[in-house]
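K.L.:
This structure is in structure tokens; I'll ask about it shortly.
Every number here is computed from the coordinates shown, using simple stated rules; none is lab data. Every value quoted in this text rests on a predicted model; they were computed, and no experiment measured them. Glycine also receives a Cβ, built like all others from the backbone with ideal geometry; neighbour counts cover every protein chain displayed.
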Amino acid sequence: MKNIFLTAGLFLSQIILAQYTYPTTPEKVVVDDYFGTKITDNYRWMEDLTNPEVQSWFKNQSDYSNSIISKIPHREDLFNRMKEVQKMNGDTFGSVLERQNVYFYTKTKKDENLSKLYSRDLSTGKETLIFDPESLGKNTQITNFNIDSKAKKIAILLSKSGGEICDLKIFDLTTKKFLNDEIGPIWSEFAFDFTPDDKSIIYTKMSTADPNSNMLLKDMKAMLHVIGTDPKTDKILASREEYPELNALTEQFTDISFSDDYQYMVLRLSSVKSESPIFVAPYSELKNKKINWRQIIKPSDDITDICISGDKLFLLTHKDAPNYKITLTSLLKPDFKNAKTVVPESKDAVIIAIHNSKNYIYYSLGNGITRDKYQINLNTLATKKIDLPTGVNTSLSLNRHENDNIYCDNVNWLTPLTNYEYNPEKGVAVKSKYLNSETNFPDYNKLYTVKEIEVKSHDGVMVPLSIIYPKNMKMDGKNPAYITGYGGYGFSYEPRFSTRLSVLLEQGVVIAIAHVRGGGEKGENWHKAGMKATKPNTWKDFIACAEYLVNQKYTSSSKLIGNGVSAGGILIGRALTERPDLFAVAIAEVGMTNALRSETTANGPNQIPEVGSIKNEEDAKHLMEMDAQSKVKKGVKYPAVIIRTGMNDSRIVPWEPGKFAATLQKNSASGKPVLLYVNYENGHFTSDMDVVFNEYADIYSFALWQVGDPKFQPVKN
């Protein structure tokens with residue numbers, strides 16, 4: 001491949017004249033026939049990330065984009081301001097667990113980039129630093145942790161530079177040293193736990209640690225590791241090959257856990273589909289050579305979560321209840337048709353999640369903008385609302401096997417997160433003494449207005465839209481605006497405080513969040529209205545919300561920035577290709593923009609329940625409609641585009657954003673830049689705040705330059 005080296009002077013002239021000479025990108029034509037429809041793919045060659053030619057191309061694109069962005073003034077100001085706002089929040093806390101009257105938690109200090117593991121003795125209030133991940137090497141990050149019952153050992157899941165292929169190490173709190181055990185590879189989201197005797201760990205093992213292997217997220221195994229033994233001798237508890245009676249698909253994850261009373265082991269065959277097959281076995285089976293799993297739930301039961309207490313089986317289900325209900329049946333003889341309704345379906349809100357402590361179940365009731373918390377007594381079934389401030393309230397149990405203590409997070413669009421502690425017997429939520437920091441934020445509610453409205457979409461359906469903008473702003477169409485959305489997997493884009501978006505607000509940018517179909521804001525029907533055949537509703541809802549901002553003069557098309565992340569790549573990719581005139585800038589972050597080829601990736605088959613399979617003729621039609629890359633047409637005036645990828649990303653592999661960037665660079669006739677932003681220190685995401693803020697300082701300065709913000713215009717010599 002030809003390497004392109006350009007002088008700084010030439011780069012500057014390119015910025016000023018908006019004439020871009022991108023690194024050379026060969027076209028190597030491949031034509032696919034999808035049940036009679038032929039699609040041309042000029043960049044299939046990029047899919048081999050081990051090819052030196054491909055690696056060189058990504059490096060050239062990265063260098064080129066960085067050379068352009070580095071000429072934009074005040075980019076450093078955005079980065080520095082994000083750091084300042086982060087420090088206003090003081091220290092931030094991650095996962096929290098309680099053992100033996102001690103809190104264990106991850107914490108990122110306000111002047112540090114990465115979280116470290118700490119403990120806090122609740123009797124004395126003394127805090128102790130347990131583990132700094134960078135003591136094991138630069139860019140090492142704590143992904144998750146768990147603790148044994150006696151607080152003697154901590155299992156810590158570790159990753160590198162935003163990658164999600166992790167290893168598990170065991171830290172001895174007595175000796176302050178790691179044991180020799182090193183277990184893996186383990187995917188970042190998979191749970192692990194100690195057995196009640198603290199002698200073993202259950203976990204899910206990946207079949208390979210090779211990020212380029214198509215088997216990366218397939219044929220996983222639920223395992224038992226006896227501490228102090230060779231991981232090669234770990235016992236298989238469930239897998240597709242060793243347990244064919246489970247009828248597991250190669251792409252389903254064998255997720256294993258214990259009931260809160262340790263009477264049962266619970267096995268889920270997980271995927272992006274919330275309705276998983278679920279099996280149980282008595283804990284006593286763990287000593288047997290092979291586990292006798294009993295299936296209690298099928299996907300067709302429309303059950304998305306369970307809680308077990310003795311013989312009581314609590315169910316979160318949308319069967320005949322699109323907004324969900326909680327029911328109760330017998331674990332030994334489940335009878336879903338005659339299950340007792342514990343919490344009926346609500347007309348105006350959705351039951352979003354359940355979790356349990358020793359004697360209670362907690363559930364969330366939300367409408368996409370607020371989320372309230374409730375408790376259910378496992379014995380009496382009495383239900384009570386937990387008194388927390390208005391906003392999005394989430395919760396987790398601190399030690400579900402031994403007590404009923406939970407901690408709750410409260411947050412709004414303009415109110416940073418606050419942690420509360422709660423115990424049902426005390427009945428009062430108290431602001432946490434140890435899990436909050438002194439904050440120094442301005443009163444954002446005095447500076448900005450939040451409007452929650454609904455916008456009529458293409459088919460007359462009303463779509464929720466959240467708009468945040470400076471108070472007393474003139475509605476004259478001259479304000480830059482940033483609109484984002486997601487619309488996938490039934491995930492609700494609820495209010496959250498964002499350091500980086502608060503910095504955009506300070507630049508006078510209107511922030512809008514489109515709660516499009518495919519999400520869960522209005523229950524399971526809202527989800528189903530934006531998947532497979534109905535997926536076009538996702539980007540058409542987004543377009544309708546963007547048009548509303550323009551029509552109501554919050555902004556204009558020449559000032560509008562559209563954004564989509566991950567599965568939101570379908571949203572922004574198709575909004576961009578369907579309405580290129582509507583946006584001044586499009587930001588596609590680690591996005592699914594080549595849906596036709598997604599199934600060929602390691603994570604692709606896992607997405608089939610949501611988007612369909614290219615091997616199915618009907619699904620193929622829908623995937624062709626979702627595929628943004630093949631919708632790019634030569635000679636169309638596309639907006640300025642910046643496409644972000646992380647080279648350690650195994651969810652949306654880098655070639656997918658790369659191919660989209662190459663296609664737009666080749667075909668756009670607007671003369672506006674199309675940059676591929678490549679980060680070699682990131683994956684799908686990272687917990688390193690310097691990496692995060694650097695990325696967004698670059699991306700936002702690019703967007704502000706393109707919408708004409710005077711501060712971000714390159715200076716002519």
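K.L.:
Just check region 335-461 against the gyration tensor rule for me: Cα atoms, a ≥ b ≥ c as the square roots of the eigenvalues, rounded for a/c under 1.5, and otherwise prolate or oblate depending on whether a/b exceeds b/c.
P.N.:
oblate
K.L.:
Given points 7 Å out from each Cα along the Cα-Cβ axis, report the Asp459 to Val226 separation in nanometres with one decimal.
P.N.:
Label at Asp459, label at Val226, 5.8 nm between them.
K.L.:
In the neighborhood of Val707, defined by Cβ-to-Cβ distances under 12 Å, what is the net charge if each Lys or Arg adds +1 and each Asp or Glu adds -1?
P.N.:
+3
K.L.:
Percent of alpha carbon pairs in the chain separated by more than 34 Å?
P.N.:
That fraction is 49 percent.
K.L.:
While we're on this one: When Thr534, Thr24 are ordered from fewest to most other Cβ atoms inside 10 Å of their Cβ, what list results?
P.N.:
Result, fewest neighbours first: Thr24, Thr534.
K.L.:
What 222 nm value per residue comes from the helices of the chain, counting each DSSP H run with n ≥ 4 as -39,500 (n - 2.57) and dividing by all residues, nearest 500 deg cm²/dmol?
P.N.:
Rounded to the nearest 500, it is -5500 deg cm²/dmol.
K.L.:
Here's another thing I want to ask about it. Over region 599-717, what is the relative contact order in percent, taking alpha-carbon pairs closer than 8 angstrom and at least six residues apart?
P.N.:
Relative contact order here is 23 percent.
K.L.:
If you don't mind, there's one more thing I want to ask. Which lysines, if any, have their Cα less than 17 Å from the Cα of Lys312, not counting same-chain residues under 8 positions apart?
P.N.:
Leaving aside lysines fewer than 8 places away in the same chain, those within reach of Lys312 are Lys325, Lys333, Lys337, Lys340, Lys358.
K.L.:
Determine the sum of side-chain charges near Asn419: Lys and Arg each +1, Asp and Glu each -1, restricted to other residues whose C-beta is under 14 angstrom from that of Asn419.
P.N.:
0
K.L.:
Give the cross-link partners of Lys672 among the lysines, using a straight C-alpha distance below 21 Å as the criterion and excluding same-chain residues fewer than 8 apart.
P.N.:
Lys71, Lys478, Lys559, Lys631, Lys633, Lys634, Lys637, Lys659, Lys711, Lys716
K.L.:
Go through region 645-651 residue by residue and turn each phi into a ³J(HN,Hα) via Karplus (6.51, -1.76, 1.60, θ = phi - 60°); whole Hz please, and just put x for glycine and proline.
P.N.:
9, x, 6, 9, 7, 9, 7
K.L.:
Quick one: which residues, 5+ away or cross-chain, put their amide H under 5 Å from the amide H of Ala640? H built at 1.01 Å from N.
P.N.:
The answer is Ala586.
K.L.:
Using label points projected 7 Å from each Cα along Cα→Cβ, tell me how many nm separate Glu506 and Lys637, to one decimal.
P.N.:
According to this spin-label approximation, the distance is 3.5 nm.
K.L.:
Distances over 17 Å make up what percent of all Cα-Cα pairs in region 629-684?
P.N.:
Counting pairs separated by more than 17 Å, the tail of P(r) holds 37 percent.
K.L.:
7 Å from Cα along Cα→Cβ at both Glu76 and Val715: what's the point-to-point distance in nm?
P.N.:
Calculated label separation equals 1.3 nm.
K.L.:
Classify region 300-366 from the C-alpha gyration tensor, please: rounded if a/c falls under 1.5, else prolate or oblate depending on whether a/b exceeds b/c.
P.N.:
Oblate, because a/c is 1.5 or more while a/b does not exceed b/c.
K.L.:
Scan region 143-217 for trypsin sites (Lys or Arg not before Pro) in coil per DSSP, keeping those whose Cβ has at most 10 other Cβ atoms within 10 Å, and list them by number.
P.N.:
Those satisfying the criteria are Lys176.
K.L.:
Let me ask something additional. Expressed in nm to one decimal, what extension gain is obtained for the pair Lys177 and Tyr434 from 0.36 nm per residue of sequence separation less their Cα-Cα distance?
P.N.:
Here the answer is 89.9 nm.
K.L.:
As a test of the definition: which semi-axes, in Å, follow for region 112-221 when you take the square root of five times each eigenvalue of its alpha carbon gyration tensor? Largest first, please.
P.N.:
Working through the eigenvalues yields semi-axes of 26, 18, 11 Å.
K.L.:
Further question: What is the spread of the Cα atoms of region 640-717 along each of their three principal axes, largest first, in whole Å?
P.N.:
40, 32, 20
K.L.:
Taking every eigenvalue of the Cα gyration tensor of region 388-475, multiplying by 5 and rooting it, what semi-axes result, largest first, whole Å?
P.N.:
With the √(5λ) rule applied to region 388-475, the semi-axes are 34, 20, 9 Å.
K.L.:
Provide the per-residue ³J(HN,Hα) series for region 517-528, in order, calculated from phi with Karplus coefficients 6.51, -1.76, 1.60 and θ = phi - 60°, each as a whole number of Hz, with x at glycine and proline positions.
P.N.:
5, x, x, x, 4, 10, x, 5, 5, 5, 5, 5
K.L.:
How high is the FRET efficiency from Met473 to Ser498, r the C-beta distance, R0 22 Å, rounded to 0.05?
P.N.:
According to the calculation, E is roughly 0.70.
K.L.:
Related question: Based on Cβ point charges of +1 for Lys and Arg and -1 for Asp and Glu, what charge dipole magnitude is obtained for the chain about its Cα centre, in debye rounded to the nearest 20?
P.N.:
Value, rounded to 20: 1080 debye.
K.L.:
Follow-up. Say a paramagnetic label sat at a point 7 Å from the Cα of Thr250, along Cα to Cβ; which residues of region 204-243 have their backbone N under 12 Å from it?
P.N.:
The answer is 214-220, 241.
K.L.:
If you don't mind, there's one more thing I want to ask. Arrange Glu275, Glu134, Glu285 by Cβ neighbour counts within 10 Å, fewest through most, would you?
P.N.:
Glu134, Glu285, Glu275
K.L.:
Another question, if that's okay. Straight-line reach only, C-alpha to C-alpha below 18 angstrom: list the lysines that Lys471 could link to, leaving out same-chain residues fewer than 8 apart.
P.N.:
Partners within reach: Lys446, Lys451, Lys553.
K.L.:
What are the residues whose amide H is under 5 Å from the amide H of Ser95, where those residues sit 5 or more places off or on another chain and H is modelled from the backbone?
P.N.:
Thr106
K.L.:
Give me the tail of P(r) for region 14-151 as a percent: Cα-Cα pairs with distance above 24 Å.
P.N.:
63 percent
K.L.:
Compute from the Cα atoms of region 120-178 the Rg and the Dmax, the latter being the longest Cα-Cα distance, and quote both in angstrom.
P.N.:
12.6, 38
K.L.:
Rg and Dmax of region 485-578, Cα atoms, in Å?
P.N.:
13.4, 40
K.L.:
How charged is the neighbourhood of Tyr638? Take every other residue with its Cβ under 10 Å from the Cβ of Tyr638, and add Lys/Arg as +1 and Asp/Glu as -1.
P.N.:
Spelling it out: positives minus negatives among the neighbours equals +2.
K.L.:
Run a plain Debye calculation on region 196-330 (Cα atoms as equal point scatterers, no solvent) and give log10 I(q)/I(0) at q = 0.14, 0.17, 0.22 Å⁻¹, rounded to two decimals, same order as the q list.
P.N.:
With one equal scatterer per Cα and no solvent, log10 I(q)/I(0) is -0.68, -0.97, -1.39.
K.L.:
Output the relative contact order of the chain, whole-number percent, from Cα pairs under 8 angstrom with separation of 6+ residues.
P.N.:
Rounded, it is 11 percent for the chain.
K.L.:
When a/c is below 1.5 the answer is rounded, else prolate if a/b is larger than b/c, else oblate, so apply that to region 577-717 with a ≥ b ≥ c taken from the square roots of the Cα gyration tensor eigenvalues.
P.N.:
oblate
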